[in-house]
């Protein structure tokens, strides 16, 4: 079995999705917990890149 390269592992980690609850509890977003709870839907999962983008758009006044 072939071992995965660091790039392949990084890609898998970037594509991992998390529930609203998991993201709200994450240390990465502890200072934005209220914002995460307001912006994210409990019915779907998000990548960390998606969450960061939603937060950035909100902070810049561009939430749709």
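Listing for the model above:
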| item | result |
| --- | --- |
| Computed over the stretch 15-59: relative contact order in percent, which uses C-alpha pairs under 8 Å that are six or more apart | 46 percent |
| Coarse-grained scattering of the stretch 15-59 at q = 0.15, 0.17, 0.26, 0.34 Å⁻¹, given as base-10 log I(q)/I(0) from a Debye sum over alpha-carbon atoms | -0.29, -0.37, -0.93, -1.54 |
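The numbers here are math on the coordinates, done by the rules we state, and not lab data. The model shown is predicted, which means the values in this text are computed figures rather than measured ones.
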